[in-house]
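Written below as structure tokens is the structure these notes are about.
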Amino acid sequence: MIGIGSDHGGFALKEAIKKHLEERGLEYKDYGTYSDASCDYPVYGRAVAKAVAAGECQLGILICGTGIGISITANKVPGVRAALCSDCFSAEATRLHNNANILALGARVLGEGLALKIVDTFLDTPFSNDERHIRRISMIEE
Ligand code: RB5
């Protein structure tokens with residue numbers, strides 16, 4: 001299960017990503033927001049981060065205007081490794097090296113086409129399971 005959430009700034013991109021996930025046959029749970037009315041990104045960043053930390057969702061996708069506020073919020077939840085990505089190289093590397101469990105996107109930064117490519121790269125790249133990366137992730141947790 002993929003958890004997805006956004007504020008008003010990310011709402012339109014969230015809807016586009018949901019459609020893309022449906023076309024790929026991937027299950028998701030939408031934690032809001034449910035309209036483009038102004039709202040507070042920490043509410044939605046925290047909801048998806050808690051769901052990922054609790055194991056209710058294996059991965060999460062969070063979107064706000066820049067991706068910054070919502071990724072800062074998510075990274076306050078223990079066990080969450082949220083990565084703000086604006087390119088496919090970073091999306092691949094953060095899965096391989098950091099075992100990132102949440103992808104954060106900036107809807108006012110990215111075009112929809114690039115955002116969907118970044119989502120696919122993130123979802124389709126497994127963690128490397130490399131010993132040195134496991135050690136470094138453990139150090140973050142400590
Ligand atoms: C909302 O205007 C905007 O501040 C928010 O979407 C985000 O960019 C915050 O980091």
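For the range 40-76, which positions are out of contact with any strand residue (DSSP E or B) (no Cβ under 9 Å at 6 or more places or on another chain) and of a type in the set (A, V, I, L, M, F, W, C)?
Hits for the range 40-76 are A53, A54.
Could you tell me which residue of the range 1-50 is surrounded by the fewest Cβ atoms within 10 Å (Cβ to Cβ), considering only residues that are of a type in the set (A, V, I, L, M) and touching a Lys or Arg at 6+ places or on another chain (Cβ under 7 Å)?
My answer is M1.
Given (1) within 15 Å of the ligand (Cβ to nearest atom); (2) under 16 Å from I4 (Cβ atoms); (3) hydrophobic (A, V, I, L, M, F, W, C), where does L123 come up short, assuming only one miss?
Answer for L123: the failing condition is (1).
Could you please let me know if G55 is crowded, with 22+ Cβ neighbours inside 10 Å and either closer than 22 Å to L114 by Cβ or out of contact with any helix residue (DSSP H, G or I) (no Cβ under 6 Å at 6 or more places or on another chain) (or both)?
Against the criterion (crowded, with 22+ Cβ neighbours inside 10 Å and either closer than 22 Å to L114 by Cβ or out of contact with any helix residue (DSSP H, G or I) (no Cβ under 6 Å at 6 or more places or on another chain) (or both)), G55 does not qualify.
(1) aliphatic (A, V, I, L, M); (2) out of contact with any strand residue (DSSP E or B) (no Cβ under 8 Å at 6 or more places or on another chain); (3) more than 19 Å from M1 (Cβ to Cβ); (4) surrounded by 13 or more Cβ atoms within 10 Å (Cβ to Cβ): which one isn't true of I118, the others all being true?
Result: I118 passes all but (2).
Just the residues that are of a type outside the set (G, A, S), within 12 Å of the ligand (Cβ to nearest atom) and crowded, with 19+ Cβ neighbours inside 10 Å, please, taken from the range 58-110.
L62, I63, C64, T66, I70, T73, L84, L105
Condition first: surrounded by fewer than 16 Cβ atoms within 10 Å (Cβ to Cβ) and in contact with a Leu (Cβ under 6 Å, 6 or more places away or on another chain). Can you find one or more residues in the range 125-133 that meet it?
Checked against the condition, which is being surrounded by fewer than 16 Cβ atoms within 10 Å (Cβ to Cβ) and in contact with a Leu (Cβ under 6 Å, 6 or more places away or on another chain), the range 125-133 yields at least one hit.
No value in this document is a laboratory result; all are computed from the given coordinates. This one's a predicted model, so the numbers in the text were calculated from it and none came from an experiment. Here Cβ is always computed from backbone atoms with ideal geometry, including for glycine, and neighbour counts include all displayed protein chains.
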